[in-house]
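A.B. asks: My questions will all concern the structure given below.
The values are calculated or read from the model by the stated rules, or taken from the named source; none is laboratory data. Just so it is clear, the model here is predicted, and its values are computed rather than measured. Reconstructed Cβ throughout: ideal geometry from the backbone, glycine too, with neighbour counts over all protein chains shown. Side chains included, ligands, DNA and RNA excluded: accessible areas come from the protein's heavy atoms. Shrake-Rupley method; radii C 1.70, N 1.55, O 1.52, S 1.80 Å.
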Amino acid sequence: MSNIRVFVDFGSTFTKAVAFDIEKLELLGRVQVPSTVETDVTEGLKAALHELGKLAPVGEEEIKNTIACSSAAGGLRLAVIGLVPDYTTKAGHLAALGAGAKVVGQFSFEMSRSETRRLNDLAPDIVLLTGGTDGGNKKTIIHNANVLANSAVSNIIVAGNKSARDDIEDAFDGTGKNVYYADNVMPEFGRLELDSVNERVREVFLARIMDAKGISRAAGIIGRIAMPTPAAVMEAVHLIADGTRHTPGLGELLVVDVGGATTDVYSAASGVSEGLKLIGIKEPYMKRSVEGDLGLFHNLDTLAELAEENTGLEELLKRRSVPSGDESVMLHERLTKMAVNTAVSRHVGRLESIMTGDGPVWVQRGKDLRKVKLVIGAGGPVVFARNHLGVLMGATGDGKDGVLMPKEPKFALDHRYILFAVGLLSLEEPEKALSIAKKYIMHI
């Protein structure tokens, strides 16, 4: 087999292609071309492979072995239905994001007619139905299964109280819907089990969603499409942090990816504080959050509202274009730092004071990332900033406000935009993927 491996990301705006020499552990080239998902996805794919061929010896064998991921056509749109907002609904939300989905709606308790209409209007690719610990409340999830049986939703993953399984199967019997069953996302109160749901989300993505979004047309050219793009990045983050059985990783870390429409944050960390009582769900070691109001192109109004000082932002908001000149660059970097700061502060946990019979007690809610020693920046607004370090300092905090952000991390950049490709390579060659990641993640 050739030493050259090719990886492709079908994005809504661009189709990206990366080539590695996995024997020399070298990045041979990376290209991007406008995506053509709305017409014929293979046109953009062929264009990307043609451009990549100018940088690396990419032939028929390499193309046939190509692995791809996709966030095109709106990504994988998922709605979550649970019992209690802070528990099973939140558990489903965390599971969906970890599997690479975009959560477009969340519902709790028994679904009403108006909520069902709203769900139909959202038209999610998948509904994740949760609710009740194993052996606990069955009434709500059975009610919601009957609601879904009469909804417009086609693809449903059930990951709730196992004691309700028979009644749920009866509800969907004869409806013609595609129903998949996973282990309960919260089998015991406060304990998450997300792996089974992640597997089912990827299964549905491969079996149903790619074809609906036109991505499956690429299957006749390349090897396979493995997963949603955020899931590939999550694989890379996990690998870089934890390493392999034979090679250590870089330790607990946080990745913040600032884009035009969203800012995504990934953490690989236990997030548990010694000496503090945790309230609410213990969040997963691998966590992803998505802030849809913090894109540097589509959400400048939101960022301006978050700014403490608005001087000079009005002109930038009017232009909505790549800035030129020192002043505009400075304003753009300020907005980027603000996006980083806001997204990371939402991702991490909080210290809260609660009153007990013995007086006030400090407790932890969410993940404590104060001890994380590495923050990796990704996305154009971060990578192309003049002051990378200044922008990424937005991911830090001193903890005095109770926000559990990294305190004294080191910083690095995915300056070659290869995290998705590292994640895809890790599916087959984790040792080599880790070596390439360590080589090309640029410490600053």
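A.B. asks: Name the single residue, out of those in region 115-138 being among the β-branched types (V, I, T) and farther than 23 Å from M210 by Cβ, that is surrounded by the fewest Cβ atoms within 10 Å (Cβ to Cβ).
C.D. replies: Here the answer is T116.
A.B. asks: Out of A218, A241, I need the residue that is within 30 Å of G11 (Cα to Cα), within 20 Å of the chain's Cα centre (by Cα) and buried (at least 18 other Cβ atoms within 10 Å of the Cβ). Which one?
C.D. replies: On inspection, the qualifying residue turns out to be A241.
A.B. asks: Still on this structure, I have one more. Only residues in region 3-26 that are over 14 Å from L45 (Cα atoms) count as the first member; pair them with residues that are of a type in the set (K, R) and part of a loop (DSSP other than H, G, I, E, B), Cβ under 9 angstrom, at least 6 apart or cross-chain, and list the lot.
C.D. replies: N3/K24
A.B. asks: (1) open to solvent by 30 Å² or more (accessible area, probe 1.4 Å); (2) modelled with pLDDT of 95 or more; (3) assigned to a helix (DSSP H, G or I): which one isn't true of Q106, the others all being true?
C.D. replies: For Q106, the exception is condition (3).
A.B. asks: Quickly run through region 41-76 and pick out the residues that are open to solvent by 50 Å² or more (accessible area, probe 1.4 Å) and at positive phi.
C.D. replies: The answer is none; no residue qualifies.
A.B. asks: Taking the conditions exactly as written (out of contact with any His (no Cβ under 6 Å at 6 or more places or on another chain) and assigned to a loop (DSSP other than H, G, I, E, B)), does E61 satisfy them or not?
C.D. replies: Answer is no for this residue.
A.B. asks: Exactly one of (1) in contact with a strand residue (DSSP E or B) (Cβ under 9 Å, 6 or more places away or on another chain); (2) assigned to a loop (DSSP other than H, G, I, E, B); (3) of a type outside the set (F, W, Y) is unmet by L97. Its number?
C.D. replies: Condition (2) is where L97 drops out.
A.B. asks: Now, a different point. Can you tell me how many residues within region 79-94 are within 21 Å of P187 (Cβ to Cβ), outside any loop (DSSP other than H, G, I, E, B) and either among the hydrophobic types (A, V, I, L, M, F, W, C) or in contact with a His (Cβ under 9 Å, 6 or more places away or on another chain) (or both)?
C.D. replies: 5
A.B. asks: On to the next question. Condition (residue is crowded, with 22+ Cβ neighbours inside 10 Å, in a helix (DSSP H, G or I), modelled with pLDDT of 95 or more and not polar (S, T, N, Q)) applied to region 374-390: is it met by at least one residue?
C.D. replies: Yes: region 374-390 contains one or more residues that are crowded, with 22+ Cβ neighbours inside 10 Å, in a helix (DSSP H, G or I), modelled with pLDDT of 95 or more and not polar (S, T, N, Q).
A.B. asks: I would also like to ask the following. Go through region 181-217 and give me each residue that's of a type outside the set (D, E, K, R) and under 14 Å from K90 (Cα atoms).
C.D. replies: The answer is N184, V185, M186, P187, F189, G190, L192, L194, V197.
A.B. asks: Restricted to region 337-373, and to residues that are small (G, A, S) and assigned to a helix (DSSP H, G or I), which residue is modelled with the lowest pLDDT?
C.D. replies: The extreme case among them is A339.
Each row is one residue, and each column tells you yes or no for (1) open to solvent by 20 Å² or more (accessible area, probe 1.4 Å); (2) closer than 30 Å to V237 by Cα.
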residue: L78; (1), (2): no, yes
residue: I81; (1), (2): no, yes
residue: G92; (1), (2): no, yes
residue: A99; (1), (2): no, yes
residue: R113; (1), (2): yes, no
residue: S151; (1), (2): no, no
residue: S154; (1), (2): yes, no
residue: I157; (1), (2): no, yes
residue: A171; (1), (2): no, no
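A.B. asks: I would also like to ask the following. Considering every residue within region 148-162, establish whether at least one is more than 22 Å from E199 (Cβ to Cβ) and within 27 Å of the chain's Cα centre (by Cα).
C.D. replies: Checked against the condition, which is being more than 22 Å from E199 (Cβ to Cβ) and within 27 Å of the chain's Cα centre (by Cα), region 148-162 yields at least one hit.
A.B. asks: Also: Which condition number in (1) modelled with pLDDT under 95; (2) among the hydroxyl-bearing types (S, T, Y); (3) more than 30 Å from G160 (Cα to Cα) is the one that S70 fails?
C.D. replies: (3)
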